[in-house]
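Enquirer: Okay, handing you the structure first.
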Amino acid sequence: MKSFFSYLGFSILLMGSMIGLLSVRQDLKERADMEFDVVPLIIFDHVYPVLFGMLFALPFFWKRLKESRLKGFVWEEFICIGLPSLFIALSHWLYFTNFPMNPLTKFFALHEMNGSMLFGFIFGFTVIHSIRNKMVA
């Protein structure tokens with residue numbers, strides 16, 4: 001029963017943080033419309049999914065913290081999952097630079113923010129999830 005209430009509390013925390021951060025985004029959007037300065041909104045749109053992904057990974061982090069399994073960092077997972085997802089999450093910014101783009105990154109850069117938000121979430125989750133002991137096969 002204790003785990004039920006902890007999961008319920010965590011889901012309420014997730015919903016509250018999502019509502020609060022979306023209201024912050026709305027304020028930034030209104031300010032960008034009035035002042036024609038979209039840089040804070042763009043930064044928020046790229047940081048918000050990463051932070052939310054980190055927040056989603058907290059239950060795994062707490063479980064490993066209780067079991068004292070936080071003695072390393074799994075670089076393979078971070079390099080193979082985290083870095084490509086960060087690259088795609090930043091594809092909107094990379095599109096406006098002279099950085100060479102592959103077709104997949106160009107696809108995400110030219111379409112809606114949904115792809116970069118999803119991959120930003122995956123990057124944030126991977127950063128926290130990679131903090132653990134390496135699994136021995």
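Enquirer: Enumerate the helices (runs of 4 or more DSSP H) found wholly within region 61-130, keeping only those where 3 or more residues are at pLDDT 80 or above.
Expert: Of the helices (runs of 4 or more DSSP H) lying wholly inside region 61-130, those with at least 3 residues that are at pLDDT 80 or above span 83-89, 114-129.
Enquirer: Scan 119, 108 and give me the residue that is of a type in the set (Phe, Trp, Tyr), touching a residue at least 24 places away in the same chain (Cβ under 8 Å) and either surrounded by 16 or more Cβ atoms within 10 Å (Cβ to Cβ) or closer than 28 Å to residue 11 by Cα (or both).
Expert: 119
Enquirer: Looking at 12, 42, which is the one that is among the aliphatic types (A, V, I, L, M) and without any contact (Cβ under 8 Å) to a residue 12 or more places away in the chain?
Expert: After applying the criteria, what remains is 12.
Enquirer: Are any of the residues in region 27-46 hydrophobic (A, V, I, L, M, F, W, C), outside any loop (DSSP other than H, G, I, E, B), loosely packed, with under 14 Cβ neighbours inside 10 Å and under 17 Å from the mean Cα position of the chain (by Cα)?
Expert: yes
Enquirer: Please go through (1) closer than 18 Å to residue 129 by Cα; (2) of a type in the set (Ser, Thr, Tyr); (3) surrounded by fewer than 12 Cβ atoms within 10 Å (Cβ to Cβ); (4) within 19 Å of the chain's Cα centre (by Cα) for residue 68 and return the number of the only condition it doesn't satisfy.
Expert: Status for residue 68: all satisfied but (4).
Enquirer: Quick check: anything in region 62-76 out of contact with any Pro (no Cβ under 7 Å at 6 or more places or on another chain), free of Cβ contacts under 8 Å to residues at least 60 places away in the same chain and within 24 Å of residue 91 (Cα to Cα)?
Expert: Yes, region 62-76 has at least one match.
The values are calculated or read from the model by the stated rules, or taken from the named source; none is laboratory data. Computed from a predicted model, the values in this text were never measured in an experiment. A quick note on method: Cβ atoms are made from the backbone with ideal geometry, for glycine too, and the neighbour counts reach across all protein chains shown.
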